[in-house]
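Some notes on the structure that comes next.
Since every read-out is calculated from the coordinates, none of them should be taken as a lab result. Given the structure is predicted, the values throughout are model-derived calculations rather than measurements. Neighbour counts run over all protein chains shown; Cβ positions are idealised from the backbone, glycine included.
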Amino acid sequence: MALALPDVEEIDCDGFDFRVGGNGFVWSYPERRAGKPRIIRTDIAVLYVGDEAEKQALLLGEPELFFTAPGYDGWPLVLLRLAAVDARRLAELVTDAWRMRAPATLADQFGDVVSS
């Protein structure tokens, strides 16, 4: 899904990590556990959302899909339960994250193609 968007680069890693213009917009959740090595969770995506207001709206409005973790306080990122989201909503979320992280000229050229 992410690779279908213009100029997306997939970073070689244990899970998934997609970037546009050098900026990450969706990647695997690196779960940190006290006193243990982190685990790369491919069932949970870290998703760029733009700002704190949007983050809070998603967390409060769709708690079955979105949550956060202590290391994400103050960052415009949410954690997304991939098994709980349908393909259409996931495409919308990934595309929105891509738009916010893509260089303005690229995002402007892309228009509303995916949203329609």
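Helix 52-61 versus the longest principal axis of the chain: what angle, 0 to 90°, nearest 10, using Cα atoms?
70 degrees
Treat every Asp and Glu Cβ in segment 2-104 as -1 and every Lys and Arg Cβ as +1, leave all other atoms uncharged, and give the resulting dipole magnitude about the Cα centre to the nearest 20 debye. Walk me through the intermediate numbers first.
Details: 12 positive and 17 negative charges, 61 e Å.
Computed about the Cα centre, the dipole is about 300 debye.
For segment 2-104, what relative contact order do you get, as a whole percent, if you take Cα pairs closer than 8 Å and at least 6 residues apart? Kindly include the intermediate steps, with their values, before the conclusion.
Details: 164 pairs, mean separation 27.2, N = 103.
Across segment 2-104, relative contact order equals 26 percent.
Order these peptides, 102-108, 23-29, by their mean beta-carbon neighbour count within 10 angstrom, highest first. Could you put the intermediate results ahead of the total?
On the way: 102-108: 13.6, 23-29: 20.6.
Listed from highest to lowest mean packing, they are 23-29, 102-108.
Between ALA107 and ARG89, what is the label-point separation in nm under the 7 Å Cα-to-beta-carbon projection?
2.3 nm
Go through segment 1-74 and name the GluC sites (Glu not before Pro) that are in a DSSP coil and have 11 or fewer other Cβ atoms within 10 Å of their Cβ.
On the way: sites: GLU9, GLU10, GLU31, GLU52, GLU54, GLU64; in loops: GLU64.
Answer in residue order: GLU64.
Angle check, please: helix 87-101 long axis (alpha carbons) against the longest principal axis of the chain (alpha carbons), in degrees 0 to 90, nearest 10.
Result, in degrees: 80.
Tell me the label only: which of [x] 18.9, 59; [y] 14.8, 46; [z] 14.1, 47 is Rg and Dmax of the Cα atoms in Å as calculated from this structure?
[z]
Students often check this: by mean Cβ neighbours within 10 Å, which of 45-51, 85-91, 35-41 ranks highest, and how do the rest follow?
Details: 45-51: 20.1, 85-91: 13.0, 35-41: 10.4.
Per-residue Cβ counts within 10 Å, averaged per peptide and sorted highest first, yield 45-51, 85-91, 35-41.
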